[in-house]
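Below: the structure, in structure tokens.
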Amino acid sequence: MGQHRDDNTGGSSFPAVALWHNSVYRTYWVGAFVSFLGSWMQTVAQGWVVYEITNSKLLLGLLGFVGSLPTTLFSLFGGVVADRFEKRRLVIATQALFAVNAFVLSMLVLTKRVEFWHIALIAALNGFIVAIDAPARQAMVMDLVGEQFVTVGVAMNSAAFNTARILGPAIAGKLIEVVNAGWCFFINAVSYVGIIAALWRIPGTPNQSTVERLSVWSELKEGVGYVYRDGLLRTLVLLDCALSIFAMSYTTLMPVFARDVLQVGKQGLGNLFSATGFGALMGALTLARVAGVVPRGKVVITAATGLCTGLLLFALSRSYLLSLGCLVLIGGCAVSTLGSINALLQSLSPEHLRGRTMSLHVFALMGLAPFGNLLMGWLASRWTATVAITTGAMVCAAVVGVTALRRDVRQLPAV
């Protein structure tokens, strides 16, 4: 797909503007944005429906666990699948499966036949699909824009995701309040039509790799062994893991804070998610601005400290406005921290091991997420949601403190 770029993509001094002139990527971006919008609507509605029909904090955590566990088990194999099939057709298939699952869920909710096991089963099925979809979609950016614009392409994808993260939950909250949560699932099902249509319009490029590979297990051991022996890479991956388990899992308990702690209801839940999305978008823009100016080690430590602070304040807050502000801080610092770690892992790894190093980053964020979700749900059911998030914030703060003590992290240059 990369050879189908427009001739005028390099005609602007602003890379994002230049890339927007690429009709192939522009078509894909619009379709992806619509899909992201529907997905965020479903995320909010799904949590609300589960809490409404079960009134169980533990089941909220369990839902996150069963939805993410398949990705944990099979995400490393998803990259193998992406290398063996044409990525565009593979993503079309995964998006179609997502659409079918969303439609089934919408019918169950709208007809008032939905039970927890229905939602859990569909979440698990989506987890299997994500394990294949995520590596293929990430790898497809290079095919769409070429090596010159790959960084900008990734940044624009992040902008689409986080803009949808702002708008989707707000729309979902209003729909849940005015009509029925089932319409959020139905709209999500329809939203996949956009990206499927966009992908059909993009010329395909069959995989041409002729590299003879080792077994999947042998390649995996080689990559893990390299990261483990490199102290700096090992520290960054461990920070990834800590943030995934103890920090990013706070979203599992959002319905609890919306209904019971802050008492702001369905629309308030949507606004809480939107505040996180707004912060994430601001964080992505800020990270792009400080790139090459502020030392990367300082960015990681400062942003991670801000994330821990925001989580602690959110857990203790009983003010709706203060909670919204905390979530903006959390969203911005999370994107800045994880984005910086992503870039560091890529730049510090040799080319022949870069994919496997990045697979550990993906595994930390997506593969460990179910355990963090389950842990937060258990802590909240055993004590309170406030105790759960406070505990997570304190554990993360300890890991950030240990990371900050490493000289090699503090001395990372601004490149």
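Of the listed requirements (1) among the basic types (Lys, Arg); (2) surrounded by fewer than 21 Cβ atoms within 10 Å (Cβ to Cβ); (3) touching a Lys or Arg at 6+ places or on another chain (Cβ under 9 Å), residue 289 misses just one: (3).
More than 24 Å from residue 75 (Cβ to Cβ), touching a Lys or Arg at 6+ places or on another chain (Cβ under 7 Å), assigned to a helix (DSSP H, G or I) and not acidic (Asp, Glu): is that true of residue 388 in this structure? So residue 388 does not fit the description; no. Does the range 378-395 contain any residue that is closer than 14 Å to residue 302 by Cα and either crowded, with 19+ Cβ neighbours inside 10 Å or charged (D, E, K, R) (or both)? Looking for residues that are closer than 14 Å to residue 302 by Cα and either crowded, with 19+ Cβ neighbours inside 10 Å or charged (D, E, K, R) (or both), one finds none in the range 378-395, hence no. Taking the criterion of being touching a helix residue (DSSP H, G or I) at 6+ places or on another chain (Cβ under 7 Å), surrounded by fewer than 20 Cβ atoms within 10 Å (Cβ to Cβ) and touching a residue at least 60 places away in the same chain (Cβ under 8 Å), the residues of the range 109-123 that qualify are 110, 116. Does at least one position in the range 264-285 carry a residue that is surrounded by fewer than 19 Cβ atoms within 10 Å (Cβ to Cβ) and among the basic types (Lys, Arg)? No.
Does the range 90-102 contain any residue that is assigned by TED's automatic domain parsing to the domain that holds residue 24, surrounded by fewer than 22 Cβ atoms within 10 Å (Cβ to Cβ) and aromatic (Phe, Trp, Tyr)? No, there is no match, as no residue in the range 90-102 is assigned by TED's automatic domain parsing to the domain that holds residue 24, surrounded by fewer than 22 Cβ atoms within 10 Å (Cβ to Cβ) and aromatic (Phe, Trp, Tyr).
Residue under question is residue 265, and the condition is that it be more than 24 Å from the chain's Cα centre (by Cα), in contact (Cβ under 8 Å) with a residue 24 or more places away in the chain and not assigned by TED's automatic domain parsing to the domain that holds residue 178; does it hold? When the stated conditions are applied, residue 265 passes them. I'm checking my understanding of the structure. Among residues of the range 66-89 that are more than 23 Å from residue 122 (Cα to Cα) and modelled with pLDDT of 75 or more, which one is surrounded by the fewest Cβ atoms within 10 Å (Cβ to Cβ)? Once the filter is applied, the top-ranked residue is 86. Just so you know, in the range 363-384 the residues that are small (Gly, Ala, Ser) and over 17 Å from residue 123 (Cα atoms) include one that is modelled with the lowest pLDDT, and it is 364. Of everything in the range 295-313 that is surrounded by 24 or more Cβ atoms within 10 Å (Cβ to Cβ) and of a type outside the set (Gly, Ala, Ser), the residue that is farthest from the chain's Cα centre (by Cα) is 299. Of the listed requirements (1) part of a helix (DSSP H, G or I); (2) under 21 Å from residue 241 (Cα atoms); (3) not β-branched (Val, Ile, Thr), residue 412 misses just one: (1).
Considering 330, 341, the condition of being out of contact with any Gly (no Cβ under 7 Å at 6 or more places or on another chain), surrounded by 17 or more Cβ atoms within 10 Å (Cβ to Cβ) and assigned by TED's automatic domain parsing to the domain that holds residue 236 is satisfied by 341 alone.
The values are calculated or read from the model by the stated rules, or taken from the named source; none is laboratory data. The structure presented is a predicted model; accordingly, all values stated were derived computationally and were not measured. Cβ sites come from the backbone with ideal geometry, for glycine too, and all protein chains shown count toward neighbours.
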